[in-house]
Amino acid sequence: MLWEAKPEIDLREQSPISLAFVGDGVFEALVRARLVERTRLVPGRLHAAAVHFVCAKGQCAALERIEPLLTEDEQAVVRRGKNATKATVAKHATPREYRASTAFEALLGWLYLQNRLARIEELFDVVWDALLPSLTAEPPKRREPPANGSARRH
């Protein structure tokens, strides 16, 4: 990972929102690096692919995939993250997805601040393998108007 964390405050005293703040950055860096390391996507497609993983829906799917693999301590962090309150809710996600994404980010932040980088990599590999197939699917084709100019005009 990038740097070794050296928290001066007991992580049990940190709010799940603070842990999620760190976890969001950790997850974004992991996704971006993995996309560049393992795909040949052009820059615009790289961004779209990263958003697919990092958005609330993607993080909710990631949490659902790894939840059965979590230890009791990790599950406790996830519960705290799901119960955390935020002033805002994502426009393109349900409240359940948004709470799950906060929980997922809190878990990554908590692991990162404990320097449990191997565990982050282990969980990220599971997430990557689960969500990657949806990135390789062809995007839906846009419907083009008829070439003969017979499209209705108002």
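The values are calculated or read from the model by the stated rules, or taken from the named source; none is laboratory data. Since the model is a prediction, treat every value here as computed from it, not as a measurement. We place every Cβ from the backbone using ideal geometry, glycine too, and count neighbours over all the protein chains shown.
Filtering region 96-153 to residues that are within 15 Å of the chain's Cα centre (by Cα) and at pLDDT below 75 leaves Ser134, Leu135. Residues of region 52-80 that are of a type in the set (Asp, Glu) and farther than 18 Å from Gln114 by Cα: Glu64, Glu67.
There is no residue in region 26-35 that is at pLDDT below 90 and either touching a Gly at 6+ places or on another chain (Cβ under 6 Å) or part of a helix (DSSP H, G or I) (or both).
Of the helices (runs of 4 or more DSSP H) lying entirely inside region 41-117, those carrying at least 3 residues that are surrounded by fewer than 21 Cβ atoms within 10 Å (Cβ to Cβ) and among the aliphatic types (A, V, I, L, M) are 43-54.
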